[in-house]
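Notes follow the structure.
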Amino acid sequence: MPEIKAWQITTNEELERLFAIRMTVFVEEQKVDPNNEIDAADFAETTLHVLATVDGKDAGTARLLIDGPGRARVGRMAVHAWARGTGIGRVVMSKIHELAREHAGGTVRLELSAQESALGFYERLGYEITSGERYLDENIWHQDMHVILRRADDA
């Protein structure tokens, strides 16, 4: 069984490592415009990044944008092709959920823009489709999803 670790990054070196994952997954695999991949939100004070490894090798990432008390957004969730199916996506999202509760306060509405190919993954994590409206982002079909994360003492 692979060893999977996920943590909130704290250094510029870790930030560069997660950017490398995103460039491979989004730009090389999915043909996203490289000029659109890294943006101002990556450097905002209210943005938190997660980096994850499988057996010590960089494999996945996501970012969390804190919108205020009780509200946050997930973005740029990416897993290297070789690591898909290992459970790393679930571990990354678990860390994102933990950080959302910690930084957005108690009960949090967590939103994301999901590629349609990943809807099932997010549904298995408890997310619901928000409106069912489809839209193209970087020539990839997406739908908005959300989940309500409750404090442990509210569950």
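Descriptive notes on the structure:
- Relative compactness, the chain, computed as alpha-carbon Rg over 2.2 N^0.38 Å: 0.99
- Other residues within the sphere of radius under 10 Å centred on the Cβ of T53, judged by their own Cβ, net out at 0 (K and R +1, D and E -1).
- Potential extension, D39-N139 segment - 0.36 nm per residue separation minus Cα distance: 34.2 nm
- Stretch gain in nm, segment E3-R109, where the contour uses 0.36 nm per residue and the Cα spacing is subtracted: 35.1 nm
- Accessible surface computed residue by residue for the stretch 12-151, with neighbouring protein chains in place and a 1.4 Å probe, gives 50 Å² per residue.
- 18 Å cut-off, amide nitrogen to a point 7 angstrom out along L119 Cα→Cβ, residues in the stretch 130-148: 130-147
- Counting only the Cα atoms, the stretch 1-61 fills a convex hull of 86 Å³ per residue.
- Relative contact order of the stretch 95-155: 42 percent, from C-alpha pairs under 8 Å at least 6 residues apart in sequence.
- Percent RCO, i.e. relative contact order, over the stretch 46-150, from Cα pairs under 8 Å lying at least 6 residues apart: 23
- Over the stretch 96-140: Rg over Rh, Cα atoms, Kirkwood Rh: 1.02
- Equivalent ellipsoid dimensions for the stretch 76-155 as semi-axes, Å, which come from the Cα gyration tensor, largest first: 22, 17, 10
The values are calculated or read from the model by the stated rules, or taken from the named source; none is laboratory data. This is a predicted model, so every value here is computed, not measured. Please note: Cβ atoms are built from the backbone with ideal geometry, for glycine as well, and neighbour counts cover all protein chains shown. All accessible areas refer to the heavy atoms of the entire protein, side chains included, with ligands and DNA or RNA removed. Shrake-Rupley method; radii C 1.70, N 1.55, O 1.52, S 1.80 Å.
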